[in-house]
Amino acid sequence: MFKRKLCALDFHHPDTFNIDDQPDLQALIVWLEDQKIRFYPSEDRKALRQVGSSGWDDAFTKYLQELECPVDFRKQASVLDWLLGYAIRLEYSDNLEQYQALDKAAAQAQQPAASSAPSGLATLDSTSAEFKTGVTSLAKLLSMPQHSDPVMVFQAARRLIEDRFSAEAMAKASQHQDGATEIFPLDKMGLGFDTKEKGLNQAAKILRLLHIAELRQLQTSINEIIVAVQTLTADPKTDERLGKVGR
């Protein structure tokens, strides 16, 4: 569950880490603070470094409070996932130029013919309150489970939206039974809430329209079944040899 993030942080034994092993978990927390997060000055890390002591849990709770961890402290896996994500963000910001160069090289290698104009996603601040609020609203609209890392939720939402807007999905959603295409003026359509991001608002509107189209298709199918049943019951077959009406 945590292997990918542990590998990203160059943790020394990502394959064998066991969150249910308390000494292993506590040692990882100490390693994260010493090597990656470095929230406390070195001399203030003494309580955390006392792995296995009776006061370690209290020291860890105090540490999370001072980090302003938004996750329920009782949910151990969620807390650790948040800490790992937090450490990765710090690692990225500490080596920003290095990672930006790698990202640029990878993008050029994968899409040599793509436009050199910067993507709108690249300008998003994943640590801002507006980003987190927008991602939370989008996840609720898509009926996605919440996660402590808004970047991961955003990536999952983007993948879901890309899947829903594939050529096949869009072709199916844009066609009526008579084959005519229906045009929806998105600018005139109300959403009911505002994500503060025009692109997210547009995506939310499109998803709502697709959902409505699916409901309409379901209602049409139900109506067809009702008509078929009514036709059957209103025009029964007569078998004169049996002297009765019906099949």
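The values are calculated or read from the model by the stated rules, or taken from the named source; none is laboratory data. Nothing here was measured: the structure is a model prediction, and the numbers come from that model. Neighbour counts run over all protein chains shown; Cβ positions are idealised from the backbone, glycine included. We work out accessible area using only protein heavy atoms, side chains counted, and drop any ligands, DNA or RNA first. Shrake-Rupley method; radii C 1.70, N 1.55, O 1.52, S 1.80 Å.
For this structure, a couple of remarks:
- No other residue among Ala203, Ala213 is touching a helix residue (DSSP H, G or I) at 6+ places or on another chain (Cβ under 6 Å), closer than 30 Å to Lys140 by Cα, at pLDDT 75 or above and surrounded by 12 or more Cβ atoms within 10 Å (Cβ to Cβ) apart from Ala203.
- Breaking point among (1) under 17 Å from Leu90 (Cβ atoms); (2) in contact (Cβ under 8 Å) with a residue 40 or more places away in the chain; (3) not aromatic (Phe, Trp, Tyr), for Ser42: (2)
- Residue under evaluation Val51, criteria (1) farther than 15 Å from Leu90 by Cα; (2) out of contact with any Pro (no Cβ under 8 Å at 6 or more places or on another chain); (3) open to solvent by 60 Å² or more (accessible area, probe 1.4 Å), criterion not met: (2)
- Of all residues in the range 68-111, those satisfying the criterion of being open to solvent by 70 Å² or more (accessible area, probe 1.4 Å), at pLDDT 65 or above and not in a helix (DSSP H, G or I) are Glu68, Pro70, Phe73, Arg74, Lys75.
- Residue match in the range 146-155 (condition: out of contact with any Pro (no Cβ under 6 Å at 6 or more places or on another chain), at pLDDT below 80 and of a type in the set (Ser, Thr, Tyr)): yes
- Residues of the range 25-48 satisfying the condition of being assigned to a helix (DSSP H, G or I) and exposed (fewer than 15 other Cβ atoms within 10 Å of the Cβ): Asp34, Gln35, Ser42, Glu43, Asp44, Lys46
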